[in-house]
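Here is the structure we will look at.
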Amino acid sequence: MNLVKVNITNGFYPINIESGRLDYLDHSIPEDATSIAIITNSTVGGLYGKRVRDVLLRTGKNVFYVELPDGEKYKDWITLNKIFDSLLSFKLDRRAVLVALGGGVIGDMTGFAASVYMRGIRFIQVPTTLLAQVDSSVGGKTAINHPMGKNMIGSFYQPISVEIDTDVLTTLAPREISAGLAEVVKYGLILDYDFWEWCENNVNNLLGLDEIAIEYAVKRSCELKSYIVGEDEKESGIRAILNLGHTFGHAIESGLGYGKWLHGEAVGCGLVQAAELSAYSIGFKETDVARVRYMVSSIGCPSKAPNFGLDRWLELMLLDKKNDSGEIRFILMKKIGEAVIQNVSNDAIEYVLNKTATGLF
Ligand code: NAD
Ligand code: GLY
């Protein structure tokens, strides 16, 4: 079993990483919890819902079950309200605990629901996609989408623990593994050259879900994310580097319509664009741009962005939450393993979009 601690204002919470972890979820429920509500979706619920419910029933507490429709398009007010309808009809009180069983969509929505239900109740993240295991379940960002922007309505609200069972990745579609790997390699690019090199040498093991490789990649990603969250829980500074590639990626997702490309696929492509922008603006080596492009293709993500036209691209990127007073802020790389946050010239943006946003959509 691997344990990673996330330091937050009032102490820390554990990330427990273990093959077969689902079978020990009862151990993570606090003694004083009055009841438990599993929040999941129809896909994950069908695969793991009964197993998780049976394990949680071993606590002797009431276990309720809420199954939402599956998909990014349901990460909205209407579906969020269904969670509240269920919690209120179950008469859950302030000592109830929510268990988010699913990918990033379920984790983000459950976290948001927990943050406002009766002004805040405890919740546990049980991430079941690679992307959720290495990124979205850690660090307390919760949100739903608004038609005018992704993740625009939300809160910072930390779980009481993150319980990661790497075995559940075997039922994921290969495309979802590729999307998760984009976030994994991102950590190497922003913080850890050795981890980046390890990823370069282990692409096939990762794509093949080799147990040792996947467990190491999940653990190292969680360690790197926890380090940043511990330094800057509410993203007043350094945490923004976790968004390498995301300014481009979010623009792709909303420009194409949510769900056409997976979040991780858009981030993968955004890593190539961020590498090009870093080369143009702050001297990131061209040979390293080529390494990033090769990695993104090797893990199965697109490396050519859709051609929305310059004006539409700028309009889409201006919606990003990192922006300050109407200026687009980018995360750039000085070299592999070291990221910086800065504004760039319009020339640089135009150059990079002309070079990278050449795909059909
Ligand atoms: P997702 O939650 O939509 O899951 C992807 C698909 O895989 C879904 O169809 C889901 O039902 C299915 N699935 C999940 N686990 C499965 C399993 N073990 N076996 C088979 N199918 C399974 O997508 P995601 O990529 O996990 O998360 C994307 C979301 O996460 C986006 O909404 C994004 O904004 C958010 N996100 C949040 C943060 C954060 O810090 N909070 C960070 C990154 C992304
Ligand atoms: N996914 C970026 C962050 O958690 O800050």
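Within the stretch 131-148, residues that are on the phi > 0 side of the Ramachandran plot reach partners that are aliphatic (A, V, I, L, M) with beta carbons closer than 6 Å, at six or more positions or on different chains, in the pairs 139/229.
Can you pull out every residue in the stretch 123-142 that is part of a loop (DSSP other than H, G, I, E, B) and within 6 Å of ligand 1 (Cβ to nearest atom)? Residues satisfying the conditions are 128, 129, 139. Within the set of pairs 6 or more residues apart or between chains, which connect a residue that is on the phi > 0 side of the Ramachandran plot inside the stretch 253-266 to a residue that is away from ligand 2 (no atom under 15 Å from the Cβ) and open to solvent by less than 30 Å² (accessible area, probe 1.4 Å) with Cβ atoms less than 8 Å apart? Qualifying pairs under 8 Å: 259/71.
Within the stretch 134-148, if we keep just the residues that are under 12 Å from residue 115 (Cβ atoms) and either within 7 Å of ligand 2 (Cβ to nearest atom) or of a type in the set (A, V, I, L, M) (or both), the residue that is most open to solvent (accessible area, probe 1.4 Å) turns out to be 141. Inside the stretch 156-176, can you point out the residues that are open to solvent by 10 Å² or more (accessible area, probe 1.4 Å), over 19 Å from residue 228 (Cβ atoms) and either within 14 Å of ligand 1 (Cβ to nearest atom) or not in a loop (DSSP other than H, G, I, E, B) (or both)? 166, 167, 170, 171, 172, 173, 174, 175, 176 - these are the residues of the stretch 156-176 that are open to solvent by 10 Å² or more (accessible area, probe 1.4 Å), over 19 Å from residue 228 (Cβ atoms) and either within 14 Å of ligand 1 (Cβ to nearest atom) or not in a loop (DSSP other than H, G, I, E, B) (or both). Within the stretch 179-224, work out how many residues are within 21 Å of residue 288 (Cβ to Cβ) and not basic (Lys, Arg). Residues that pass the stated criteria total 26. Taking residues in the stretch 87-104 that are assigned to a helix (DSSP H, G or I), and partners anywhere that are of a type outside the set (Val, Ile, Thr), the pairs with Cβ atoms closer than 6 Å and at least 6 places apart or on different chains are 87/117; 104/131; 104/132; 104/136. Which of the residues belonging to the stretch 199-219 are open to solvent by 60 Å² or more (accessible area, probe 1.4 Å), more than 14 Å from residue 298 (Cβ to Cβ) and away from ligand 1 (no atom under 16 Å from the Cβ)? Of everything in the stretch 199-219, those that are open to solvent by 60 Å² or more (accessible area, probe 1.4 Å), more than 14 Å from residue 298 (Cβ to Cβ) and away from ligand 1 (no atom under 16 Å from the Cβ) turn out to be 210, 212, 216. Residue pairs whose Cβ atoms lie under 8 Å apart, sitting 6 or more positions apart in sequence or on different chains, and linking a residue in the stretch 282-294 that is within 19 Å of residue 202 (Cβ to Cβ) to a partner that is open to solvent by 50 Å² or more (accessible area, probe 1.4 Å) and not aromatic (Phe, Trp, Tyr), are 288/335; 291/200. Residues considered: 98, 80, 22, 68. Of these, the only one that is within 16 Å of ligand 1 (Cβ to nearest atom), within 14 Å of residue 164 (Cα to Cα) and open to solvent by less than 40 Å² (accessible area, probe 1.4 Å) is 22. The helices (runs of 4 or more DSSP H) located wholly in the stretch 232-319 that include 1 or more residues which are of a type outside the set (Phe, Trp, Tyr), in contact with a Leu (Cβ under 6 Å, 6 or more places away or on another chain) and within 15 Å of ligand 1 (Cβ to nearest atom) occupy 246-256, 263-282.
The values are calculated or read from the model by the stated rules, or taken from the named source; none is laboratory data. All values reported here derive from a predicted model rather than from experimental measurement. Virtual Cβ from ideal backbone geometry, glycine too; neighbours counted across all protein chains shown. Just the protein is used for accessible areas: all its heavy atoms, side chains included, with ligands, DNA and RNA removed. Shrake-Rupley method; radii C 1.70, N 1.55, O 1.52, S 1.80 Å.
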